[in-house]
Amino acid sequence: MIFELHIKDFILIDEEIIAFKDGLNIITGETGAGKSMILGAISLVLGAAASKDVIRAGCDQSYIKCVFEANAKANHEVASCGLPVDEDWLIISREINAKGKSVSRVNGQIVTLNTLKAITQHLLDVHGQFDNQALFLKDFQLRTLDAYGGMSLRTMKANLSVLYEQLHIQIEKREALVKANNDKDKQVDFLDFQLNEINAASLVLGEDEEIEKSFAYYANLEAIEHAFEAANVVFQGEFGDGILGVLSKLQMTLKQVERYDDQVKQFSSQLNEQFYLLEDLSRDMQHYGESLSVDPEKKYLLEQRLNEINKLKTKYGQDIQAILEYRDKLQEERDYYERIESELACLQKNIDAVQSEYDELASSLSILRKEAAQLFEKEVTSQLSELNMKAALFKVSISRLETRSATGIDDIVFMIATNPGQPLRPLKRIVSGGELSRLMLAIKIVMGGDDMTPTQIFDEIDAGISGITASVVGEKLHQLAKESQIICITHLPQIAVFADHHYCIQKQSDSKEVKTVVSAISGEEIISEIGRLVGGVSISESTSKHVLDMLQEAEKRK
């Protein structure tokens, strides 16, 4: 329920804090005083589109805050959105600035409008002339009947929805398989072409790197030959004056004096070792350099192989590893096409089984709906009679849909005949605005706690009614208020006298400004306000007595 509505700088409202209470909360006021502003402010809290036009003249922004009593469904939604949860209170606010931008908060955290709507759907319902149009919608009619049908019906409906989803997924899979099977020949031909092209190459991991290395050798052979020629010149020299010749002379020099000094003898020995090593290196390098030559045929074969591999790389992958992995995927797809027909047969068997289970459950659900509809029809018709639609006959038409659906096989249509001798017809073709409001009220009363959000707001429930009918509507609203908090905006005294809590909206003005104020009234104020609704601005003694009689009569009927 709503505990508090705080409105600041909104249209003609300066700042008002309205403390709503349990039971039937009635809001009255003169035409143009601003009753619609209250509903407009609440609508913004519910996530309605915002406009800078709602900002009070001379102000920078409008601010609206609602404090609700928390409930399990709303808190579950709050938690699923990752927002802080309070077990007792749920605080929702909305700020609209001069640019028309708005900021919504739940428990102090900024949220999107979609999140706001998801949460507030569990907090309150608004029923106005436009909102009553939901009665015309088949989806609303179906949900209403199913809610009335009780937990067993709703559980069966939920199970049926799961089966339908399974069936839908499998049928989509079957359609994909059928399409793939139709394209099978063309796809298999193309897959075989790709597989044959890759397999014919007999690729080996790392082969491309080895070929590129060999190819680089041939490309740089001339430079290699020059390097070995230069090495030979260093070792031998052009006239025997290379490193080996110089070291040989040094050997002879040390040999002549080594007998005079042991250290010289050691140096001479070390030099001999290095000389023979260099001599062997020189000989090996000379022989290798002389063996360097180009094998034109091998080079050609390497070039052809490298071109073949590079061609496959451009088509199937950046290296041999990627090409081979792609080949494996092609083979898997090829195997898939070979399995399609057997998979189709298996899938169709599963579809048949689920369809059979669905049809059986849908038939059972249809039986429960028809049983619920009979009771629902009687109770709604009875309530309509009490709401002074004594000749009205309400029926629920249930026919079979041509196709399966997530909600079953039933086509639900609410039918009504408002006058004797009239045939039953869909609501949209029969009822007036006032009748539609009473029908919504009748349904809400019949539904009781099964279809109740904690707070119900009724606007224009009194459209097209007066007198005894209005008095009965007031009594029914009070009856409904035993199930949930009711806020009703009305201009009829016959409804207002049933209030548990009465709020009066007035427009005040001076030379500087006009503003709307909201006051909780009691005692003589209530008599005065209802007297105004009965007889106008001037309240006579007889009018006051009549109001007292109305209040006493309403108290007896509560």
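What follows draws every value from the coordinates through simple rules; no lab data is involved. Just so it is clear, the structure is predicted and the values come from calculations on it, not from any experiment. Neighbour counts are summed over all protein chains in view; Cβ atoms, including those assigned to glycine, are modelled from backbone coordinates with ideal geometry.
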Phi-based couplings in Hz for region 265-277 (Karplus 6.51, -1.76, 1.60; Gly and Pro marked x): 5, 5, 4, 4, 5, 4, 5, 4, 4, 5, 4, 5, 5
Tell me, what ³J(HN,Hα) does each residue in region 328-345 have, in order and in whole Hz, if you take phi through Karplus 6.51 cos²θ - 1.76 cosθ + 1.60 with θ = phi - 60° and put x for Gly and Pro? 5, 5, 4, 5, 4, 5, 4, 5, 4, 5, 6, 8, 3, 5, 5, 5, 4, 5
Separation between the ALA98 and ARG283 pseudo-spin-labels, each 7 Å from Cα along Cα→Cβ, expressed in nm? 10.2
How about LYS186: which aspartates and glutamates have a C-alpha closer than 14 Å to its C-alpha, ignoring those fewer than 8 places off in the same chain? GLU333, GLU338
Calculated FRET value between PHE215 and GLN318, using beta carbons and R₀ = 22 Å, to 0.05: 0.75
Quick check: Cα centre of region 1-25 to Cα centre of region 453-484, how many Å? 20
With θ set to phi - 60°, apply the Karplus curve 6.51 cos²θ - 1.76 cosθ + 1.60 along region 299-310 and write out the HN-Hα couplings as whole Hz, x wherever there is a Gly or Pro. 4, 5, 5, 4, 5, 5, 5, 5, 5, 5, 5, 5
What is the packing order of peptides 226-237, 337-348, taking the mean over residues of other C-beta atoms within 10 Å and listing the highest first? 226-237, 337-348
Report the net charge of residues surrounding GLN121, where surrounding means a beta-carbon distance below 10 angstrom and charges are Lys +1, Arg +1, Asp -1, Glu -1. 0
Taking 20 Å as the cut-off for C-alpha to C-alpha distance, list the pairs among LYS184/LYS315; LYS35/LYS101; LYS138/LYS444; LYS213/LYS329 that go past it. LYS184/LYS315; LYS35/LYS101; LYS213/LYS329
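In a shell of Cβ-Cβ distance under 15 Å around LEU277, excluding LEU277 itself, what net charge do Lys and Arg (+1) and Asp and Glu (-1) give?
Its environment carries a net charge of -3.
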Full-extension gain in nm, THR31 to VAL85, via 0.36 nm per residue minus C-alpha separation: 15.4 nm
Highest mean first, how do 66-76, 37-47 rank when packing is the count of other Cβ atoms within 10 Å averaged over residues? 37-47, 66-76
Running Debye on region 446-557 with equal point scatterers at the Cα sites and no solvent, what base-10 log of I(q)/I(0) appears at q = 0.11, 0.18, 0.19, 0.22 Å⁻¹? -0.40, -0.96, -1.05, -1.29
For ILE457, which sequence-distant residues (separation of 5 or more, or a different chain) have an amide H within less than 5 Å of its own amide H, given hydrogens modelled in the peptide plane? ASP125, VAL126, HIS127, ILE487
Using the basic label-point model (7 angstrom from Cα toward the beta carbon), what is the MET252 to SER291 distance in nanometres? 3.4
Full extension from SER51 to VAL514: what is 0.36 nm times the residue separation minus their Cα-Cα distance, to one decimal in nm? 164.6 nm
For GLU4, list long-range residues whose amide hydrogen, built 1.01 Å from N in the peptide plane, is under 5 Å from its own amide hydrogen. PHE20, VAL67
Which lysines, if any, have their Cα less than 23 Å from the Cα of LYS255, not counting same-chain residues under 8 positions apart? LYS265
Amide proton proximity set for GLY29, modelled H, under 5 Å, gap of 5+: ILE505
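Take every DSSP beta bridge whose two residues both sit in the chain, then give the antiparallel share in percent to the nearest 5.
70
For each of PHE458, PHE20, count neighbouring Cβ atoms within 10 Å of the residue's Cβ, then give the residues from fewest to most.
On the way: PHE458 27, PHE20 21.
Going from least to most buried by this count: PHE20, PHE458.
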With label points set 7 Å from each Cα along the Cα-to-Cβ direction at LYS184 and LYS298, the distance between them in nm comes to 5.2
If you take the beta carbon distance between ALA176 and TYR326 as r and set R0 to 22 Å, what does 1/(1 + (r/R0)^6) give as a FRET efficiency, to the nearest 0.05? 0.45
Sequence ranges 317-330, 268-281, ranked by mean other-Cβ count within 10 angstrom, highest first: 317-330, 268-281
With a Förster distance of 30 angstrom and the Cβ-Cβ distance between ALA72 and LYS378, calculated FRET efficiency to the nearest 0.05 equals 0.40
So how much slack lies between LEU401 and GLN266, counting 0.36 nm per residue of separation and subtracting their Cα-Cα distance, in nm? 37.3 nm
Within region 452-520, list the GluC sites (Glu not before Pro) lying in a DSSP loop whose Cβ has at most 14 other Cβ atoms in a 10 Å radius. GLU513
Take the Cα radius of gyration of region 10-82 and divide it by 2.2 N^0.38 Å, with N its residue count; two decimals is plenty. 1.32
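Among residues other than SER405 whose Cβ falls under 15 Å from its Cβ, what is the net charge (Lys/Arg +1, Asp/Glu -1)?
-1
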